[in-house]
Every structure is written in structure tokens, then in C-alpha cells.
1. Which members of the stretch 49-81 meet the condition of being touching a helix residue (DSSP H, G or I) at 6+ places or on another chain (Cβ under 8 Å) and outside any helix (DSSP H, G or I)?
2. Take the residues in the stretch 24-34 that are over 14 Å from the mean Cα position of the chain (by Cα) and at pLDDT 90 or above; name whichever of them is farthest from L80 (Cα to Cα).
3. Pick out the one residue from G21, G39 that is closer than 13 Å to I69 by Cα and free of Cβ contacts under 8 Å to residues at least 12 places away in the same chain.
4. Being of a type in the set (V, I, T) and under 21 Å from D7 (Cα atoms) is the filter; apply it to the stretch 28-76 and report the residue that is surrounded by the fewest Cβ atoms within 10 Å (Cβ to Cβ).
5. Using the structure shown, decide if L92 is on the phi < 0 side of the Ramachandran plot and touching a residue at least 12 places away in the same chain (Cβ under 8 Å).
6. Counting only residues that are at pLDDT below 90 and not in a helix (DSSP H, G or I), which one in the stretch 1-22 is nearest to the chain's Cα centre (by Cα)?
Amino acid sequence: MRQQIRDQLKAIHHRVLSKMGTVPGSIDDLSFCTIGLAGEVGEFANLVKKSMRGDPISLRDFRGELADIRVYYDLILYILELDEELIVEEKLRELMRRRPDWFHD
């Protein structure tokens, strides 16, 4: 995600927290974003369910929910001061050590 977009999301997030009386980076902030992420994943799963039963679901619907998921995910990384690339690289190294068969034919 581009830095300009991240900065806009952080600014919006801080305004929302201010209205809630929540301190940025606090456990309440993390809880708010975690619950938000869980809710958005649930909404995405509900679209998949509806699609499975034959309801008309557009790609735009999926994109909207995925964008919501990504926003909360990025805010959680920001709150915890984590670098996405580093944590994914760490996970891949761990998987290579534990499950080398997944990485070789």
C-alpha cells in the first residue's frame, strides 16, 4: 500500500479514536481494530456463503469487503509497530524449517 494512502488512513483513524476518547496505540485501540477486522472478515465470509447458495454477488462487493479487511489489518500493523514484510519473511523461514517438503517437489 502506498505511503500516502497509509497516512490518510492513520489520520482518519486518529480522528475516530479522538471522538471515542481512545488513545492511539493503546489496548483499546488494538481491541477496536481487532474487532473491526473480525467483523469485516465475517462480512466477507457471508458474501462467500451467499455466492455458494446462488445469490448474485458482484466482484465489487468482494473488493469492498477486502478493502475493509486490509484497512483494519494495516492499522493493526501500525498499532503494533510491525513491518509486514519482516513478519512474513520470519513466518516463511519458520515454515521452511518445520515443513521443508512444502518448498520442494
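The values are calculated or read from the model by the stated rules, or taken from the named source; none is laboratory data. Treat the numbers as computed from the prediction; the structure is a model and nothing was measured. All Cβ positions, glycine included, derive from the backbone under ideal geometry; neighbour counts span all protein chains shown.
1. Correct list: I57 only.
2. D28
3. Just a single option satisfies the conditions, and that option is G39.
4. Among residues in the stretch 28-76 that are of a type in the set (V, I, T) and under 21 Å from D7 (Cα atoms), the one surrounded by the fewest Cβ atoms within 10 Å (Cβ to Cβ) is T34.
5. Against the criterion (on the phi < 0 side of the Ramachandran plot and touching a residue at least 12 places away in the same chain (Cβ under 8 Å)), L92 does not qualify.
6. Per the criteria, the residue is M1.
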